[in-house]
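This is the structure I want to talk about, given as structure tokens.
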Amino acid sequence: MALDNNFEIEAKKEKSSFLFRAGQYYQFAIIQYPKLILVLLFFLIMAFAFFIPRVQLDVSADSLILENDRDLSYYREIRKLYGSDDFLIITYTPNSGLFDKKSIEQLGQLKQELVNMSRVDSVVSILDVPLLQSPPQTLNQVAEKTINLLSADVDSNSAREELLHSPLYSNRLTSLDGSTTALQVNFVENEQLEKLKAIKEILVEKQQHKSLKSDESNKLEDIKLKIDVLSEKLLQLQQIDIANIRNILSNYQQDAELHLGGVPMIVVDMKQFIRHDLVVFGTAVLGILSLFLWIVFRRLRWIVLSLMTASATTVVTLGFIGLSGWKITVVSSNFIALLLIFSLSLSIHLIVRHRELHAENPFQSQRFLVTEMLKSKWYPCLFTVLTTLVAFASLVLSGIRPVIDFGWFMVTALTVALFLSFTLFPVVLMLLRPGYPIRLWKFTATVTNFFANLVERFPHGIWISSLLILIISVYGITKLSVENRFIDYFKSNTEIYQGMLLVDQQLGGTTPLDVIIDAPVEDEVLLSENSDETYNEDGEEEDLIFAEFDDEQEAGFAADSYWYKSYMMQEIKKIHQTVESSPFTGKVLSLDTTFDVLNILNENEPIDDFFLSLVYKKLSTKAQQQMINPFLSEDGNQLRFDVRIYDSDPNLKRQDFLDDLHEKLVNEAGLQPQQIHFTGMTVLYNNMLQTLFQSQILTLGVVFLAILITFIWVFKSISVAAIALVPNILSAGPVLGLMGLLSIPLDIMTITIAAISIGIAVDNTIHYIHRFKEEWKIDFDYHKAMHRAHHSIGRAMYYTSVTITLGFSVLAFSNFVPTIYFGLLTAFAMIAALLADLAVLPWLLQRFKPYGEAT
């Protein structure tokens with residue numbers, strides 16, 4: 001009696017709640033006016049469909065870095081000083097030998113075709129770089145005329161040797177074995193876009209330190225919009241250019257092996273990957289799940305209703321994304337497949353419940369069946385979506401823009417899916433006749449009964465197995481790593497992979513790293529106070545006769561520079577050798593490289609400050625752009641070491657490499673720590689990877705805490721909430737543990753798996769507990785309640801889990817490797833979640849009896 005009174009009190013509270021009253025109005029509208037609701041929904045869906053063309057894809061390098069990376073502004077500053085690394089690389093390996101006449105002619109033709117393209121600013125190749133020893137030249141000869149490989153008076157044999165062994169070109173423009181060369185294709189800079197980006201950076205930096213005025217905020221938003229428009233136009237032009245370049249390269253494939261690489265190509269190809277994943281996997285998921293729905297439910301109406309709801313959810317979500325200005329990135333490229341899967345899982349719960357009601361009440365009207373279906377499924381579906389929203393919303397804490405956007409995408413998609421599942425699905429169903437009930441599939445009952453019997457017969461085996469899984473998972477989690485090779489993001493048969501591997505192995509490495517060395521602070525002050533003085537090799541002051549120079553500014557540069565001095569050559573060499581000593585360092589170019597070339601130019605005679613000043617004045621602009629400008633700041637007080645990292649080396653651990661290099665520069669090269677700065681995509685990408693660990697821990701902590709609080713609110717019981725949390729731990733833990741045991745690194749894709757696994761596992765947990773409590777109220781028998789729950793809601797859990805597993809498995813056919821991991825690991829998580837909810841959860845409910853004993 002006491003229990004009955006408690007239930008009556010609880011029922012009265014529910015009936016007096018706002019949610020209950022709102023639910024009554026909702027049901028009344030659905031049941032009484034289905035045609036009107038359907039018409040309103042149609043216009044709503046069409047309105048959002050209007051904004052779908054506005055949806056944009058973002059695959060820029062910025063989408064792979066932290067949103068508020070402290071090193072990002074420094075990176076952009078260095079790019080302004082020393083030039084962009086945003087260019088195309090073409091590798092050329094002729095069949096007949098690189099320096100054969102035929103190969104040189106074809107290379108010249110290829111270069112000319114590239115130069116003739118309207119947006120190509122220049123093409124750097126072995127044909128036009130300055131040669132200083134072919135034949136050997138004096139400084140005055142170099143100043144008068146720059147010789148290259150195509151010059152009439154060039155010594156071909158000497159040119160070959162110089163290109164193969166020159167510190168400037170070897171292992172960069174030519175491979176060490178002399179079989180491969182590289183062409184660097186530079187595009188015309190979009191000045192308007194660069195100016196807008198510069199203004200945006202100023203305003204963003206100001207915004208971070210203090211609030212902007214209203215007109216400044218409006219200006220910032222306006223600039224962002226203009227940048228988006230210009231960037232999209234630029235990307236479209238890049239797509240056309242790269243397609244044209246590939247057409248050009250195809251004409252030379254019979255006589256040479258060619259590969260295209262570089263950031264613009266990766267951006268364009270990854271955009272194609274995203275488009276492919278959005279269309280192909282969305283279609284594949286629909287096809288496979290339609291077949292599964294037909295096999296399970298064997299009625300066309302359930303397939304059409306489910307697909308109609310899922311498609312409408314997709315249209316509305318995409319329209320909202322286009323309206324809000326969000327961009328789809330690599331991380332969120334599979335959100336449509338996820339959206340379809342979640343929408344179909346909600347539909348399956350409704351279908352299973354309707355079929356149960358129809359089987360129990362074969363002569364009842366559609367009004368009755370739909371009303372009871374909505375009554376019984378509204379609360380569990382609402383709570384499952386809310387808890388799943390919490391899991392996805394936790395991704396906004398990652399600090400990584402694509403992951404943050406993905407979290408908001410899914411929050412929006414789940415909200416839309418819930419709304420349409422409980423509006424579009426039932427109003428269309430109301431317009432159909434119930435028909436005759438179809439006998440439920442026996443195989444599903446066999447599966448769910450197996451787990452029910454397992455819980456009864458082997459309770460000790462379940463908790464022992466759960467404990468072992470948890471221990472192994474924890475051990476695997478300790479093995480998790482964020483170190484991964486960017487080249488491994490792509491399948492080995494893709495052009496991106498093949499081009500990166502060739503450049504990495506034969507042309508000095510792929511991933512750029514800039515090592516920036518400032519002059520010591522006290523020396524910069526001293527230089528500014530004594531701008532007319534310089535020093536000899538012994539460090540003594542001496543007056544150099546700069547009167548010979550017509551250009552006082554150039555003489556002044558040589559006099560004022562901290563690094564551009566003869567007595568600094570050994571220190572620069574020491575720094576260069578230190579940077580070069582790492583096994584992960586590929587080609588290194590610096591002022592030391594230039595000094596080595598100048599030493600040859602000076603016939604190995606000692607170089608003094610006068611000679612250096614003369615060189616700076618006499619060198620042609622083209623030679624300066626190759627030999628000095630990329631490695632020395634305009635004031636001469638900052639060095640840049642242009643480094644390439646072997647990204648394909650499986651032993652590379654970026655953070656350890658950077659820490660070790662910094663330590664060596666301090667201890668071996670004798671630099672002050674504040675002089676040393678690392679920048680480039682190596683640093684920015686590493687920052688993102690290192691944040692993943694912290695982000696994963698923070699995300700999981702927030703998810704579990706938020707879901708526990710939600711469970712307490714949903715179930716009105718701390719003990720039930722604690723029990724409900726266990727299956728979710730047993731679904732997320734094994735996934736992360738498996739990643740650690742299989743050495744699958746965390747990246748911007750796999751970091752989302754834990755949150756998704758928990759979010760989906762929560763669905764089954766809430767549905768099961770909600771149904772278990774209803775069944776327990778019948779006779780207060782935990783064993784019988786378990787069997788009835790397995791036979792009813794267990795079916796829906798089985799169907800949805802298999803649906804989700806099949807849907808995610810489709811992602812294994814992507815060209816983007818993290819997407820493959822994402823699909824397979826999430827499918828594994830779904831199986832783990834199903835096993836935990838059908839075995840561990842009912843065992844815990846029977847073991848701890850959170851609803852009390854029957855009296």
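Considering every residue within region 600-607, establish whether at least one is in contact (Cβ under 8 Å) with a residue 60 or more places away in the chain and closer than 17 Å to ASP514 by Cα.
No; the residues of region 600-607 include none that is in contact (Cβ under 8 Å) with a residue 60 or more places away in the chain and closer than 17 Å to ASP514 by Cα.
Same structure, new question: Check region 644-667 and report whether any residue there is closer than 21 Å to GLY83 by Cα and either touching a Lys or Arg at 6+ places or on another chain (Cβ under 8 Å) or touching a residue at least 60 places away in the same chain (Cβ under 8 Å) (or both).
Step one: filter region 644-667 for residues closer than 21 Å to GLY83 by Cα, giving 644-645.
Filter again for either touching a Lys or Arg at 6+ places or on another chain (Cβ under 8 Å) or touching a residue at least 60 places away in the same chain (Cβ under 8 Å) (or both), leaving 644-645.
For region 644-667, residues closer than 21 Å to GLY83 by Cα and either touching a Lys or Arg at 6+ places or on another chain (Cβ under 8 Å) or touching a residue at least 60 places away in the same chain (Cβ under 8 Å) (or both): present.
Going by the structure shown, is ILE202 out of contact with any helix residue (DSSP H, G or I) (no Cβ under 6 Å at 6 or more places or on another chain) and over 18 Å from PRO94 (Cα atoms)?
Against the criterion (out of contact with any helix residue (DSSP H, G or I) (no Cβ under 6 Å at 6 or more places or on another chain) and over 18 Å from PRO94 (Cα atoms)), ILE202 qualifies.
Can you go through VAL615, VAL579 and tell me which one is of a type in the set (Val, Ile, Thr), in contact with a Phe, Trp or Tyr (Cβ under 6 Å, 6 or more places away or on another chain) and not in a loop (DSSP other than H, G, I, E, B)?
The conditions single out VAL579.
Can you tell me which of LEU338, LEU369 is over 29 Å from SER814 (Cα atoms), among the hydrophobic types (A, V, I, L, M, F, W, C) and out of contact with any strand residue (DSSP E or B) (no Cβ under 6 Å at 6 or more places or on another chain)?
From the options LEU338, LEU369, the qualifying one is LEU369.
Among the residues of region 331-371, count how many are hydroxyl-bearing (Ser, Thr, Tyr) and at pLDDT 85 or above. Break it down into steps so the answer makes sense when it comes.
Within region 331-371, the subset hydroxyl-bearing (Ser, Thr, Tyr) is 332-333, 343, 345, 347, 365, 371.
Okay, now just the ones that are also at pLDDT 85 or above, so 343, 347, 365, 371.
Final tally of qualifying residues: 4.
I've got another one for you. For region 361-397, name all the residues that are open to solvent by less than 20 Å² (accessible area, probe 1.4 Å), more than 14 Å from SER421 (Cβ to Cβ) and over 41 Å from the mean Cα position of the chain (by Cα).
Scanning region 361-397 gives GLN366, LEU369.
If a residue counts only when it is within 30 Å of SER343 (Cβ to Cβ) and at pLDDT below 85, which helices (runs of 4 or more DSSP H) contained entirely in region 402-496 have at least 1 such residues?
Helices (runs of 4 or more DSSP H) meeting the threshold: 442-457.
Still on this model: Would you call ALA755 open to solvent by 30 Å² or more (accessible area, probe 1.4 Å) and hydrophobic (A, V, I, L, M, F, W, C)?
No: the conditions fail for ALA755.
Of all residues in region 209-224 being open to solvent by 60 Å² or more (accessible area, probe 1.4 Å) and touching a residue at least 12 places away in the same chain (Cβ under 8 Å), which is nearest to LEU235 (Cα to Cα)?
Filtering region 209-224 for residues that are open to solvent by 60 Å² or more (accessible area, probe 1.4 Å) and touching a residue at least 12 places away in the same chain (Cβ under 8 Å), the one nearest to LEU235 (Cα to Cα) comes out as LYS224.
Same structure again: Applying the selection to region 645-687, what residues are modelled with pLDDT of 90 or more and in contact with a Pro (Cβ under 7 Å, 6 or more places away or on another chain)?
Correct list: VAL666, GLN672, GLN675.
If you don't mind, there's one more thing I want to ask. Can you tell me which residue is surrounded by the fewest Cβ atoms within 10 Å (Cβ to Cβ) among those in region 13-46 that are polar (S, T, N, Q) and either modelled with pLDDT under 70 or outside any helix (DSSP H, G or I) (or both)? Working first, answer last.
Keep residues of region 13-46 that are polar (S, T, N, Q), which gives 16-17, 24, 27, 32.
Restricting the remaining residues to those that are either modelled with pLDDT under 70 or outside any helix (DSSP H, G or I) (or both) gives 16-17, 24.
Working: SER16: 9, SER17: 11, GLN24: 12.
Only one residue fits best here, namely SER16.
Among the residues that make up region 301-324, is at least one of them in contact with a Lys or Arg (Cβ under 6 Å, 6 or more places away or on another chain) and farther than 20 Å from ILE760 by Cβ?
yes
Next question, about the same structure. Would region 724-741 turn up any residue that is modelled with pLDDT of 85 or more, in contact with a Phe, Trp or Tyr (Cβ under 9 Å, 6 or more places away or on another chain), under 30 Å from LEU658 (Cβ atoms) and open to solvent by 10 Å² or more (accessible area, probe 1.4 Å)?
Checked against the condition, which is being modelled with pLDDT of 85 or more, in contact with a Phe, Trp or Tyr (Cβ under 9 Å, 6 or more places away or on another chain), under 30 Å from LEU658 (Cβ atoms) and open to solvent by 10 Å² or more (accessible area, probe 1.4 Å), region 724-741 yields at least one hit.
Residue check: is ARG640 under 27 Å from the mean Cα position of the chain (by Cα) and not in a helix (DSSP H, G or I)?
no
Kindly provide the set of residues from region 109-151 that are surrounded by 14 or more Cβ atoms within 10 Å (Cβ to Cβ) and of a type in the set (Asp, Glu), ordered by number.
Listed by number, the residues that qualify are GLU113, ASP128.
Next question. Of all the residues that make up region 643-685, how many are in a loop (DSSP other than H, G, I, E, B) and either in contact with a strand residue (DSSP E or B) (Cβ under 9 Å, 6 or more places away or on another chain) or not charged (D, E, K, R) (or both)?
Here the count works out to 11.
Scan region 277-305 for residues that are open to solvent by less than 10 Å² (accessible area, probe 1.4 Å), under 24 Å from LEU57 (Cβ atoms) and β-branched (Val, Ile, Thr) and jot them down.
Answer for region 277-305, where residues must be open to solvent by less than 10 Å² (accessible area, probe 1.4 Å), under 24 Å from LEU57 (Cβ atoms) and β-branched (Val, Ile, Thr): just VAL285.
Right, next: Consider VAL720 against the criteria (1) modelled with pLDDT of 80 or more; (2) open to solvent by 10 Å² or more (accessible area, probe 1.4 Å); (3) aliphatic (A, V, I, L, M): it satisfies all of them except one. Which criterion is unmet?
So the condition that VAL720 fails would be (2).
Okay, next question. Among (1) open to solvent by less than 10 Å² (accessible area, probe 1.4 Å); (2) at positive phi, which single condition is PHE711 missing?
Evaluating PHE711 over (1) open to solvent by less than 10 Å² (accessible area, probe 1.4 Å); (2) at positive phi leaves (2) as the failure.
Which residue is surrounded by the fewest Cβ atoms within 10 Å (Cβ to Cβ), if the candidates are limited to region 808-855 and must be hydroxyl-bearing (Ser, Thr, Tyr) and farther than 30 Å from LEU278 by Cα?
This residue is THR855.
Among what's in region 574-586 and is touching a strand residue (DSSP E or B) at 6+ places or on another chain (Cβ under 7 Å) and farther than 18 Å from ILE517 by Cβ, pick the residue that is least open to solvent (accessible area, probe 1.4 Å).
GLY586
Could I ask something else about it? Since PHE610 meets every condition but one in (1) more than 23 Å from GLU162 (Cα to Cα); (2) of a type in the set (Phe, Trp, Tyr); (3) surrounded by 20 or more Cβ atoms within 10 Å (Cβ to Cβ), which condition does it not meet?
(3)
Answer yes if at least one residue in region 549-564 is at pLDDT below 90, part of a helix (DSSP H, G or I), touching a Phe, Trp or Tyr at 6+ places or on another chain (Cβ under 9 Å) and of a type in the set (S, T, N, Q), and no otherwise.
no
Filter region 618-632 down to residues that are in a loop (DSSP other than H, G, I, E, B) and surrounded by 20 or more Cβ atoms within 10 Å (Cβ to Cβ) and give me whichever is modelled with the lowest pLDDT. Explain how you work it out, then say what you get.
To start, the set of residues in region 618-632 that are in a loop (DSSP other than H, G, I, E, B) comprises 619-620, 628-631.
From what is left, the residues that are surrounded by 20 or more Cβ atoms within 10 Å (Cβ to Cβ) are 619, 631.
Numbers: LEU619: 74, PHE631: 90.
Applying the filter and picking the extreme gives LEU619.
The values are calculated or read from the model by the stated rules, or taken from the named source; none is laboratory data. The shown structure was predicted, so the numbers you read here are calculated from the model rather than taken from an experiment. Backbone-built Cβ (ideal geometry, glycine too); neighbour counts: all protein chains shown. For accessibility, only protein heavy atoms count, side chains too; no ligands or nucleic acids. Shrake-Rupley method; radii C 1.70, N 1.55, O 1.52, S 1.80 Å.
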